[in-house]
Amino acid sequence: MREPDMQKLDNLVGRLVGDLGAAVSGVLVTLGDHLGLFKAMADGTPMTSAELADKIGVKERYVREWLSAQAAADYVTYDDETERFYLTPEQAMVFAEENSPAFFAGAFDVVQSMWIDEPKVANAFKTGTGLGWHEHSACLFRGTERFFRTGYNSHLVTEWIPALNGMHEKLQAGAAVADVGCGHGASTILMAQAYPNSTFFGFDYHLPSIERAKAAAKEAGVDTRITFEQATAKDFPAAGYDLVAMFDCLHDMGDPVGAGKHVKESLADDGTWMIVEPFAHDCLKDNLNPVGRVYYGASTMICTPASLSQEVGLGLGAQAGELKLRKVAMDAGYSHFRKATETPFNMIFEVKV
């Protein structure tokens, strides 16, 4: 082994200091999100730490330290002349406005689950048994819904569904839709709100998520047009659906080919299987970037262990890429596989028999 290059070492340590600061800031984002600190600052009014503490009923000394750390991260803005803190409109969209197209705070709930569940994943590394989705801490389920809902709010109805040939028109006229792996039902509810003439069914094997989805649908006023039911991707009722959608979950399945075969049996004539997956190139070297860093990390701690805990245990991972996903569809017996559209974070595929 060669002698270390001290300049390269300094550069690496410098990056690690930034990464350590980001990790610490992530904990503080979660703290501020859960306490309501960001939402209390959402209107952009400059406040002292005492004013913010009084507004939400917590101790000022803690708030002062939290605000200082957030200002150092540039997540909160500090005015030195007035000694007050505030959120810019951009910061408010990211940290305080739950339904904004850039809301990010929920992502840190997912990261929290990774830290909490690290011993479980370490054991899975040693035993090879995997770690089921249901075996994770509850913050994973909450964080996944909050984080992915941002992308669904921005793209699902306006871009992704219209990118599927004729599907927007079918849903407007009235169609039957299955949302498989629906989690807390964010995607199902959005579609039901946009297409009042259609009927929706949400399926997930995780019963607590199904119960939360039912409550969310009632809160949104669409519970009469959505049926949520506990079922797996290989045994949900086959009822001639015009659209079967899987949002960011196919790669978590132990047997995605088997799931695809079941989808084929459940589709109506000319029905469509819509696959939404994390954006990835086919070659590893092309995924070595900030987005790939997040997805490979999440895949290590959540997605791959989930797949390996199930029958077959294919372990696609969250960076499967188009070629691997195409092979899954072809092995399941489909003849049509087309990338309909993409975003920096997602790929959307139209699959038909």
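Looking at (1) under 27 Å from residue 104 (Cα atoms); (2) surrounded by fewer than 16 Cβ atoms within 10 Å (Cβ to Cβ), find the lone condition where residue 2 falls short.
The number of the failed condition is (1).
From 260, 254, grab the single residue that is touching a helix residue (DSSP H, G or I) at 6+ places or on another chain (Cβ under 9 Å), within 26 Å of residue 149 (Cα to Cα) and either in a helix (DSSP H, G or I) or aliphatic (A, V, I, L, M) (or both). Talk me through it step by step, then tell me what you get.
Working: 254 fails: either in a helix (DSSP H, G or I) or aliphatic (A, V, I, L, M) (or both).
The conditions single out 260.
How about segment 233-257: which of its residues are free of Cβ contacts under 8 Å to residues at least 60 places away in the same chain, crowded, with 18+ Cβ neighbours inside 10 Å and not charged (D, E, K, R)?
As a first pass, look at segment 233-257 and keep what is free of Cβ contacts under 8 Å to residues at least 60 places away in the same chain: 233-238, 255.
Cutting the leftovers down to crowded, with 18+ Cβ neighbours inside 10 Å gives us 233-234, 236, 255.
Within segment 233-257, 233, 236 meet the criteria.
Tally the residues that are aliphatic (A, V, I, L, M) and either in the same structural domain as residue 304 (by the TED database) or open to solvent by less than 60 Å² (accessible area, probe 1.4 Å) (or both), restricting the search to segment 128-139.
To start, the set of residues in segment 128-139 that are aliphatic (A, V, I, L, M) comprises 131, 138.
Going one step further and asking which of them are either in the same structural domain as residue 304 (by the TED database) or open to solvent by less than 60 Å² (accessible area, probe 1.4 Å) (or both), we end up with 131.
Final tally of qualifying residues: 1.
Out of 125, 104, which single residue is surrounded by fewer than 18 Cβ atoms within 10 Å (Cβ to Cβ) and under 17 Å from the mean Cα position of the chain (by Cα)? Show your work before the answer.
Values: 125 fails: under 17 Å from the mean Cα position of the chain (by Cα).
Unique residue meeting the criteria: 104.
In segment 140-179, which residues are open to solvent by 40 Å² or more (accessible area, probe 1.4 Å), among the charged types (D, E, K, R) and closer than 30 Å to residue 269 by Cβ?
Selection gives 159, 169, 170.
With in contact (Cβ under 8 Å) with a residue 12 or more places away in the chain and either open to solvent by less than 10 Å² (accessible area, probe 1.4 Å) or touching a Leu at 6+ places or on another chain (Cβ under 7 Å) (or both) as the only criterion, which of 190, 207 stands out?
190
Condition (residue is closer than 30 Å to residue 175 by Cα, in contact (Cβ under 8 Å) with a residue 12 or more places away in the chain and either assigned to a helix (DSSP H, G or I) or touching a Pro at 6+ places or on another chain (Cβ under 8 Å) (or both)) applied to segment 272-290: is it met by at least one residue?
yes
To keep it simple, each residue is scored yes or no on (1) assigned to a helix (DSSP H, G or I); (2) at pLDDT below 95.
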| residue | (1), (2) |
| --- | --- |
| 2 | no, yes |
| 17 | yes, no |
| 43 | no, no |
| 110 | yes, no |
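Can you tell me which residue in segment 62-87 is farthest from residue 35 (Cα to Cα), limited to those that are free of Cβ contacts under 8 Å to residues at least 40 places away in the same chain and assigned to a loop (DSSP other than H, G, I, E, B)?
For segment 62-87, the residue satisfying everything is 81.
The values are calculated or read from the model by the stated rules, or taken from the named source; none is laboratory data. This structure is a prediction, so every number in the text was calculated from the model and none was measured. Virtual Cβ from ideal backbone geometry, glycine too; neighbours counted across all protein chains shown. Ligands, DNA and RNA are stripped out before the accessible areas are found, and what is left, the full protein with its side chains, is counted by its heavy atoms. Shrake-Rupley method; radii C 1.70, N 1.55, O 1.52, S 1.80 Å.
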